[in-house]
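Structure, as structure tokens:
Every number in this text was worked out from the coordinates using simple rules, so none of it is lab data. The shown structure was predicted, so the numbers you read here are calculated from the model rather than taken from an experiment. Ideal geometry is used to build each Cβ from the backbone, glycine not excepted, and the neighbour counts take in all protein chains shown.
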Amino acid sequence: MKVQELQKFGIDPEVIKIWVKKESPVLLPIQEEAIKQYKILEGNDLLVSAPTSSGKTFLGEIAALYNIFRRRKVLYLVPLKALAEEKYKDFYEKYDGFGIKVVLSTGDRSEYDAAILQGDFQLAVLVFEKMNRLLIRNKGIINHCGLVIIDEIQMTTDDTRGANLEMLLTQILASREKTSQNVQLIGLSAVIGHVNQLDRWLGMTVLASDKRPVELQEGILTRDGTFKYREFLSGQVGIEKFPEFVPDPRINLRSPEGRKEYQYRRLAHVVSHLVQQGEQVLIFRKWKGLTRETAFRLGMDLNLPPAQEALSALKDVENSVSKELLMAALSHGVAFHNADLSSEERRVIEEYFKEKDSKIRVVCATSTLAMGLNLPVNTVIIHDMEKPDPDAKTFQEVPLSTTEYKSMSGRAGRFGIQNKGRSILFADTPAQFSIFWRNYIDGEFPKMSSHLAHSNLLQETLLLIASELCSTQEEVLGFFRRSYAGYLHWNQSREIGAHEPVSLQNKVERALKVCAENGLIKETSVGEWKPTKLGKICALQGVSIFSFLNLLQLLPEVNPLDYHPWELLFLATHNREIEELYFRLSLAAFESGEYPRAVQDLNPPNWVTLLKKSEELLGDRYETTRHLKMSLVLLDWMEGIDLREIEFKYNKDYPDKAYGGVIRSLAENSSWMLETLAEIADAKQYDAEFVRGLKILSRRVLYGVREEEVELAELRVPGLTRENLHRLAQWGYTSLEAFAEAEIGDLQRIIPRELALQMKEALQRKLTQGERQRMESQRLRLEKLGLDASPLMNLYRSADLKSFAESVANLIRNLKREWVLQRVGKSEEGVDYILRPDRRDPVVGRPAAPLRIKDPGAPYVPLDERGPEPGAGNKEPLPTPGSKLQAPGFLRILPPQEKEISLEHIAEILSVAANYIPASIVLVGKPGFSRGATEEVQQLSQAYSVNIQLIPAQELGERYVEVLEGQRSLNRLFE
């Protein structure tokens, strides 16, 4: 089936062109089967289980666009932030130019959250956890969508994300049951060995395929150079001969160092052969350090030509240990890819590795690269068959699972790029060969299972109460029985088994008790459970209850009227989620006391009590010192200190270890906790300035910048480093407005021209999206009130002075029906109105005070019919307005896009307005006013003791809606 044939399903020809160019002119078998036999474009729910490279993702994309062209919104849900960023980038680049609104929401990307909550999107990409959090704020999100796509749905079996995904899926099912709207579900999964009733629970039809568009040879390479493989598609077993590897007899294979050296030389021998054959190679290592070490050594040993374009692209990236090693490896055509690299560094590696005739011939990566990232490669080498156990309290390794192996091996051979792929394991003995073949080449795909079944249900119960999905114990029990765990276990006559002695009811009772005892929920007089303010915050922020309670206990130790930022950083590190980071503190550094001394030198007002409370919570002075180190790193980070300098300062005991990834992860975690602290402080009615300080600190920590650099950092432009932001701030570019007004010629003297252009484009998108989001929010609020939104929409749609002035006048008349808005003048400078009462004062219910003019006895004469006014153009103060004037007397509507107001212009406005002695002068502009104009007006307003207000059109629209909602009094329309 040709992609062109999708036009008959209503897909626009322009989108078809995009697909033909970016994907393929012909659909893959699984895509054609899903459309023709499984009727995926007719609303049928489908669970697609297929290997990597089979075309699952594009199948979901086709269904998404089909729904969008039928005015239905689409949610695309993924497990990982990196995967969400990649999908968003791909969808945005394909469809934004066509006019499809694509948005993104992850733990640290919230700029589109309001749009998602209000339904102002067409395709939204979200991570599982963030979707759960947004549903707490608006349970109706799903009901307003036509399609929900769950990528990597097999993650229900995952230890860390399985319970979150299952809760999300259960909410989707519950939401579908309560509405007549048919929301389509599509689940995308790697090959599943046994569906285990997941399809029945979800009500999905299964489309299972073990076909790949490109053949994959999975095999094992032995010492003598024999590569025995089995073809994934045909099942045929074959042998390929590699040059024999002869180990150096001087290597002592009995020692750990000797075995490590032997394994590296064997790897280098094979990689050298493959590269000489013109292949690109992807090597998976179990640790970040091993990816760096392997890439660096291979670069030196293979001595390939430099990847010059990638090197040039990385030139301006912030300095770090990882960057230095990466540049060294790239100078010999090799790279590594791990969590220590910045997103910009990873983007460069991915982009240049994919290029035709790429100079990057080898990439060494950690297994996290295996999920979802589309890197075309001929051969995958899985070097390590064990990995660190993330659940072990002390260091311990466990074998790779079959699932992990299949995910990594499946990276080899990509459709449209290679004819076949090859994955290689190494075996030194017949026993190893047999074990690896049985468990990996012949290994069975996993059976689906529920991780929620093994949860204590504490976090999940709070989520249900906070989202108001459930309000009684019976409703909570009913929800869990509706889950996959309930379908498999809790709805049966028996529980999970001997290893699960606690019943579902006991778990829920305990969860409710713990939440209530800690003030997160409360029971009403009628026996219903309701979330407290704090409980709602905990659930909305997605913070573990344990961490949330730690923050609650530590916050009172900080004096909101006298504190140092370090105190809040230190407080924020006390959370369970941070323990997922491998943040080191050497015994020597602990015993030296350098970090307590550093804090003592800072001398924060509350540091003694904070340290004492920390030791009580952590139960260990070593742990408190480790958290001290974290907070000091964060303090330097947000002050913009060079990353390489921070690594050197705090990593002296591990000088060859990269620290950048840990620092960035620490910053993301702490930013999250600081945001949570701000919400807690606000709920507890702390001083508003303290709450504001917490929010600013959260953003500073996230980006690692000073306060004046935050606005531009939030543009998130690739290549916009902290150093670039600092240079811009030094030249006065500390706000979006200041940057918008800057000329490219001026900017390119500070930062690279291409970066300046990208920032300008990002700023334009942000401003456009911001106006659109606000417009849609205001429109939706009016529609919920059952009111006509057309006067408001005309305000946003008006493009010239005439239509803009009419829209503003109509908006005001729509509110102040007892008042007369009278036009008194029009010129190129704007349209002038006076606002005067008609008959009775609607505010006080008595005859209205007449609008005061200079000669109270003279009849009113419109401005354009008068002769020259004596003294016009003077800068004398306006007369004091009368006390009975209840509304602004003078209104000037400025031409759209006029952001600047000169001194001469202000003088002219004052002169004209003086004819009517108004209580205030209001200038309405679109979209808004420059910072310079605002400052000029403020200064003149103070100098002349006149109330002059600048109101952007968006702000006027907001005030209009607030008045109709009853949130703002009519008199305060122009305050």
query = What is the projected area of the convex hull of the Cα atoms of the stretch 461-541, averaged over all directions, in nm²?
reply = 5.8
inquiry  = Which of the three applies to the stretch 215-441, rounded, prolate or oblate, going by the alpha-carbon gyration tensor with a ≥ b ≥ c and a/c under 1.5 meaning rounded?
reply    = rounded
Extended-chain gain in nm, criterion 0.36 nm per residue less alpha-carbon gap, L311 and K522 = 70.1 nm
query = Okay, helix-only estimate at 222 nm for the chain: each DSSP H run of n ≥ 4 adds -39500 (n - 2.57), divide by all residues, round to 500 deg cm²/dmol; what do you get?
reply = -13500 deg cm²/dmol
task = Using a 10 Å cut-off on Cβ atoms, rank the peptides 168-176, 965-973 from the highest mean neighbour count down.
result = 168-176, 965-973
Sequence-distant residues sharing a close amide H with I521 (under 5 Å, placed H) = A516, T532
note = Applied in sequence order to the stretch 108-120, the curve 6.51 cos²θ - 1.76 cosθ + 1.60 (Karplus, θ = phi - 60°) yields integer Hz couplings, x standing for Gly and Pro, of 10, 10, 10, 5, 9, 4, 4, 5, 5, 5, 8, x, 8
note = Going residue by residue through the stretch 206-220, the Karplus relation 6.51 cos²θ - 1.76 cosθ + 1.60 with θ = phi - 60° gives ³J(HN,Hα) values, rounded to whole Hz and with x marking Gly or Pro, of 9, 10, 9, 9, 10, 9, 10, x, 10, 5, 10, 9, 9, x, 10
message = Per residue of the stretch 956-969, what does 6.51 cos²θ - 1.76 cosθ + 1.60 with θ = phi - 60° give for ³J(HN,Hα)? Whole Hz please, x for Gly and Pro, Karplus curve as stated.
response = 4, x, 5, 5, 4, 5, 4, 5, 5, 7, x, 8, 9, 6
key: Label-to-label distance, nm, for residues given as D428 and V20 (7 Å Cα→Cβ offset)   = 5.6
ask   = Length gain on complete extension for the stretch F395 to K513, per 0.36 nm per residue less the alpha carbon to alpha carbon distance?
value = 38.9 nm
ask   = Does the stretch 931-975 classify as rounded, prolate or oblate by the C-alpha gyration tensor (a ≥ b ≥ c root eigenvalues; a/c under 1.5 gives rounded; else a/b over b/c gives prolate, otherwise oblate)?
value = oblate
task = State, as an integer percentage, the relative contact order of the chain based on alpha-carbon contacts under 8 Å between residues 6 or more apart.
result = 8
query = Any idea what the alpha-carbon Rg over 2.2 N^0.38 Å comes to for the stretch 695-805?
reply = 1.36
remark   = If R0 = 56 Å, then E231 and V820, at their Cβ-Cβ distance, give a FRET efficiency to the nearest 0.05 of 0.10
task = Taking amide H positions as placed in the peptide plane 1.01 Å from N, state which residues far from K101 in sequence (5 or more) or on other chains have amide H under 5 Å from it.
result = Q122, L123
task = Output the peptides 709-716, 564-571 sorted from most to least packed, where packing is the average of other Cβ atoms within 10 Å over each peptide's residues.
result = 564-571, 709-716
key: Charge sum, other residues only, whose C-beta stays under 14 Å from I30's C-beta, Lys/Arg counted +1 and Asp/Glu -1   = -1
task = Report the net charge of residues surrounding K899, where surrounding means a beta-carbon distance below 10 angstrom and charges are Lys +1, Arg +1, Asp -1, Glu -1.
result = -2
Hits among lysines - C-alpha to C-alpha of K684 under 19 Å, sequence gap 8 or more where chains match = K522, K530, K533, K536, K695
ask   = Extension gain S586-E707, at 0.36 nm per residue separation less the Cα-Cα distance, in nm?
value = 40.3 nm
key: FRET efficiency for K684 and S110, using Cβ-Cβ distance with R0 set to 25 Å, rounded to 0.05   = 0.65
ask   = Using alpha-carbon pairs under 8 Å, 6+ residues apart, how would you state the relative contact order of the stretch 715-784 in percent?
value = 36
task = For F426, enumerate residues with amide H under 5 Å from its amide H, sequence gap 5+ or separate chain, H modeled in the peptide plane.
result = L221
ask   = Label S343 and K36 with points 7 Å out from Cα along Cα→Cβ: what is the distance between them in nm?
value = 4.1
request  = Would you mind estimating how fast the stretch 545-704 diffuses translationally, via Stokes-Einstein at 25 °C and 0.890 mPa s with the Kirkwood radius over Cα pairs, in µm²/s?
outcome  = 156
ask   = Among 31-42, 551-562, 597-608, how do they line up from the highest to the lowest mean number of other beta-carbon atoms within 10 Å?
value = 31-42, 551-562, 597-608
query = In nm, to one decimal, how far is the modelled label at K178 from the one at V246, with both set 7 Å along Cα→Cβ?
reply = 7.4
